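The values are calculated or read from the model by the stated rules, or taken from the named source; none is laboratory data. Please read these numbers as outputs of a predicted model, since none were measured by experiment. Every residue, glycine among them, receives a Cβ derived from its backbone with ideal geometry; neighbour counts consider all protein chains shown. Accessible surface areas use protein heavy atoms only, side chains included; no ligands, DNA or RNA. Shrake-Rupley method; radii C 1.70, N 1.55, O 1.52, S 1.80 Å.
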Amino acid sequence: MNKEFINEKEIWETINTTKNKDKSEVRDIFQKAEEAKGLNLYETSVLLHLEDQDLLQDLFSLAKKVKETIYGNRIVLFVPLYITNECSNICDYCGFRADNVELKRKTLTFAEIQEEVEILEKQGHKRILAVYGETLRYGVEKMAESIEAIYSTKSNPSGEIRRVNVNSAPLSIEDFKILKQANIGTYQCFQETYHKDTYQKVHIAGAKKDYQWRLNALHRAQEAGIDDVAIGVLYGLFDPYFETLAMLKHSEELEKKYNVGPHTISFPRLEPAFGSEISSKPPYMVNDELFKKIVAVIRLAVPYTGMILSTRETAELRHELINLGVSQISAGSKTSPGSYHESNINIPTSQQFKVGDERLLDDVIYDLISMELLPSFCTACYRLGRHGECFMDMAKNLHIKSFCQPNAILTFAEYIEDYSSEKTKKSGYNLIDKLVLRLGNKNIIERIKNELSEIKKGKRDIYH
């Protein structure tokens, strides 16, 4: 498989022909976007060029509305777990680059993985993104064993990881099949930059230098039966308008080929990393205002897709961005192997990049509550077969919210009972009381109230 679908000439033509469109055309695009059916590349590019402050405010409001139309006010929480910072590549922007001889290298043993997981479980986490980096020394069989180590780790009172998503180097179809058998959730692989010349420039050596192998990784994952895949771009390496449209072209290609676009889209910005000069001086700086616009536009372009906001951004900016269409966030993140049980290890000489939001999980949750957003640890769709094309069909037909809201309420109540601070518990139950009444259907309201009562009595893992 060696499919080419990123047409750089077409993307540039789209960018250059969508500047300075009049307000009436923008309003027409807004009207279409409000239907939550998505936008084509031309319409997306028109919105990326917006500078008028009134139109931008309308864009931001619309992005929030469309997200809530599909998913409600729930925000899914997860945490990354770095398994290794060893790497076989030399990438100009990354602290893990193979030639960074000053980086303190570490690969977790299975026992250390379980120690990390137990700490995360005791904080209340239920979803982990296992980050394997791109070392040739950590093959897919060992990855599968480490995933089993994560799932098998249980802690009291109700600590368990219910879903492991994976970020790793691109694999062959046969290796993806092994990963599928390990019962992973979503497979995540970022192209970093879709601009070929830039890609070759920043990927200096190693297997990652193969643009096409990486570009087709998600095709191979789908062929292997992994039907939830995730894309992303590292903003700062190249022109952000080009990167956004190219990433959406990738989404279109997956939709066309497999009837399902990416389960999630990530949009990290380049952050300072030890041993990387370019990371401190991005060649294409994306300031906060432009970044907010990009996030909102992506939500309207692919409304059914989960949008992931990482802890690269500051707490203050994350507070703003969450209201622009974000549906998933990491919390309490550290970016060094072993850094959850060894607090002094998460220092510049061992981490992948500088974390912008260092708040604990409970503090992030309290902030979400203050915004009347519902923290969710739900993994029901994965475990009940609502994934891939099934999930996307339900999202596109605006049915998925009927599962998201009740399940989010139940998992949040579990967190409150087992892990939250007193202030979070009080505010959290006040929010739950409001949201239960908003479920509308009398029978559903009664059912959720009964299940909340069961959770308070000690029952766990109730989902629909």
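No solvent, one uniform scatterer per C-alpha: report log10 I(q)/I(0) for region 36-139 via the Debye equation at q = 0.12, 0.21, 0.24 1/Å, two decimals. Once normalised to I(0) and log-transformed, intensities are -0.75, -1.02, -1.24.
Taking every alpha-carbon pair in region 1-89 and binning the separations at 5 Å intervals from zero gives 3, 10, 17, 15, 12, 12, 12, 11, 6, 2, 0 percent. So if R0 is 30 Å, what FRET efficiency would GLU68 and ILE444 give, r being the distance between their Cβ atoms, rounded to the nearest 0.05? About 0.95, to the nearest 0.05. Put simply, the C-alpha atoms of region 165-308 give a gyration tensor, and the ellipsoid matching it has half-axes of 25, 19, 13 Å, longest first.
Counted by Cβ distance under 11 Å from GLU223, the other residues give a net charge of +2, where Lys and Arg count +1 and Asp and Glu count -1.
Accessible area ranking (1.4 Å probe, heavy atoms, ligands and nucleic acids excluded), largest first, for TRP12, TRP213: TRP213, TRP12.
On the accessible surface of region 290-381, probed at 1.4 Å, how many percent belong to carbon and sulfur atoms? Carbon and sulfur: 52 percent of the exposed surface of region 290-381. For region 121-228, the carbon plus sulfur part of the accessible surface works out to 49%, probe radius 1.4 Å. Computed from Cα atoms alone, the Kirkwood hydrodynamic radius reported for region 300-425 is 16.3 Å. The share of alpha-carbon pairs in region 253-372 lying farther apart than 19 Å comes to 55%. One chain, two ends: LYS196 and TRP213. Fully extended at 0.36 nm per residue, the span grows by 4.9 nm beyond their Cα-Cα distance. Using a probe of 1.4 Å on the protein chains alone, the accessible area found for LEU218 is around 0 Å².
Semi-axis lengths, largest first, of the ellipsoid equivalent to region 265-310 are 25, 12, 7 Å, with √(5λ) applied to each eigenvalue of the Cα gyration tensor. In the context of the full set of protein chains, residues of region 40-81 present 32 Å² of accessible surface per residue (probe radius 1.4 Å, heavy atoms only). Per residue, the solvent-accessible area of region 124-281 (1.4 Å probe, heavy atoms of protein chains only, all protein chains present) comes to 33 Å². Taking 7 Å steps out from each Cα toward its Cβ at ASP22 and TYR463 produces label points 5.1 nm apart.
Across all Cα pairs in region 199-246, the calculated P(r) in 5 Å bins from zero up to the longest distance comes to 5, 17, 21, 24, 20, 11, 3 percent per bin. Taking all protein chains together, MET394, MET247 sort by accessible area into MET394, MET247, largest first [probe 1.4 Å].
Rounded to whole numbers, the Karplus 3J(HN,Hα) couplings from phi for region 145-154 are 5, 5, 5, 4, 4, 5, 4, 7, 7, 10 Hz, using 6.51 cos²θ - 1.76 cosθ + 1.60 with θ = phi - 60°, and x at Gly and Pro.
Taking all protein chains into account, the per residue accessible area for region 318-430 stands at 35 Å² (1.4 Å probe). Among the chymotrypsin sites (Phe, Trp or Tyr not before Pro) in region 69-167, none sits in a DSSP loop with a Cβ that has at most 12 other Cβ atoms within 10 Å. Enclosing the Cα atoms of region 126-228 in their convex hull gives a volume equal to 99 cubic angstrom per residue. For the chain, the alpha carbon convex hull comes to 131 Å³ per residue, rounded to a whole number. The gain in end-to-end length when the GLU342 to SER370 segment is fully stretched comes to 7.0 nm, 0.36 nm per residue minus the alpha carbon separation.
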